[in-house]
1. Go through segment 198-203 residue by residue and turn each phi into a ³J(HN,Hα) via Karplus (6.51, -1.76, 1.60, θ = phi - 60°); whole Hz please, and just put x for glycine and proline.
2. Quick check: net charge around residue 22, other residues with Cβ under 9 Å of its Cβ, Lys/Arg +1 and Asp/Glu -1?
3. Along segment 138-148, what does the Karplus equation 6.51 cos²θ - 1.76 cosθ + 1.60 (θ = phi - 60°) give for ³J(HN,Hα), rounded to whole Hz, x for Gly and Pro?
4. Can you give me the long-range amide H partners of residue 33? Hydrogens built in the peptide plane at 1.01 Å from N, cutoff under 5 Å, separation of 5 or more residues or another chain.
5. Give the aspartates and glutamates reachable from residue 111 as a straight Cα distance under 12 Å; neighbours fewer than 8 places away on the same chain don't count.
6. As a quick test, which of the pairs 45/180; 58/180; 64/148 have an alpha carbon distance above 28 angstrom in this structure?
7. Residues with beta-carbon under 15 Å from that of residue 241, excluding residue 241: net charge, scoring Lys, Arg +1 and Asp, Glu -1?
8. Excluding same-chain residues fewer than 8 positions from residue 128, which aspartates and glutamates have a Cα within less than 14 Å of its Cα?
Amino acid sequence: MTQAAIEITGLRKTYSGGHEALKGVDLTIPRGSIFGLLGPNGAGKSTLINILAGLVVKTSGNVKIWGFDQDLNPRQSRASIGVMPQELNLDPFFTARGALDVQAGLYGVPKSERRTDQILDIIGLSDKADAYARSLSGGMRRRLLLGKALVHTPHVLVLDEPTAGVDIELRNMLWDNVRKLNAQGMTIILTTHYLEEAEQMCDEIAIINHGEKVAQDSTANLLGQIDAKTMVITPSDAAQGTIALPQGVELTRRETGTLAFAYDRKRTKAEDILSAVHKAGISIEDVKTEEADLEDVFLTLTKT
Ligand code: ADP
Ligand code: MG
């Protein structure tokens, strides 16, 4: 059997104040994917990521990284993963190059195998190699954090809310990097509360809320779970007449002159709406359906 990139079972974390941030999470993340861990603020995403990173000590449960049990093989499991944390935690007195070197040292990467220049190039900081972290802009610091996560060429790269509060240019740069690294075989895990981002970037998504996993599936399947659909019809002429619609279908006349029919695809067939429109004497110029987006999935699943 092929090992998973990450295998988590029964993971719990209760912070010292008594807050239960993770309430027994099971999560398997396949190798080679771009995997999204999605959830609202306070859901427990960073807690989970920080446990993977070894920054937070779990209360109970089992964590395997690239097949290595975190408790039984701490060195190998740590070497398999690189984490770009949500918080900026750079030492202001190191240069960009220095920060990467120190990190490589921490991970026991021999000098001859260090890829400092290559990483500076990947993160677009070659010309800032000798600038002190304190003199770098916020965006540059975040890029440096990404660089630090890459020094030991981990199998799994984890990005915790990498684009929260960053500008479009940096976001695009991050996504380019993520896609390239993934194409080279790196498994990518990213947390986000931006649904659109997960939708665009991730092959597979797990949704967590209040410390519990509420869904996990391929992005396409998650979107397919949603039964609420909208059919938008452009009539050839102004369509004024009343339409005898099947029960449960709601019509909204949009400003553009189009007719939007909201329906539940489990209850109503698209053709029934079309035939009702037809019977009302309205000729149709164009029909399209509007797909549900993750926002709907998210709202459905995180409702409490
Ligand atoms: P997310 O990353 O999904 O926004 P977090 O994992 O940061 O969520 O937080 C989950 C919950 O745990 C929140 O209610 C948060 O306030 C709490 N929490 C996070 N870190 C700590 C900590 N160090 N001590 C106590 N509570 C914490
Ligand atoms: Mg977080």
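Read-outs: derived from the displayed coordinates by stated rules, not from any lab. This is a predicted model, so every value here is computed, not measured. Here Cβ is always computed from backbone atoms with ideal geometry, including for glycine, and neighbour counts include all displayed protein chains.
1. In residue order, the calculated couplings are 4, 4, 7, 9, 9, 7 Hz.
2. Combined, the nearby Lys, Arg, Asp and Glu give +2.
3. x, x, 5, 5, 5, 5, 5, 4, 5, x, 4
4. Result for residue 33 returns 188.
5. Hits, sequence-local ones excluded: 101.
6. Where the Cα-Cα span goes over 28 Å, the pairs concerned are 58/180.
7. Net local charge, residue 241 excluded: +1.
8. Straight-line reach from residue 128, under 14 Å: 117.
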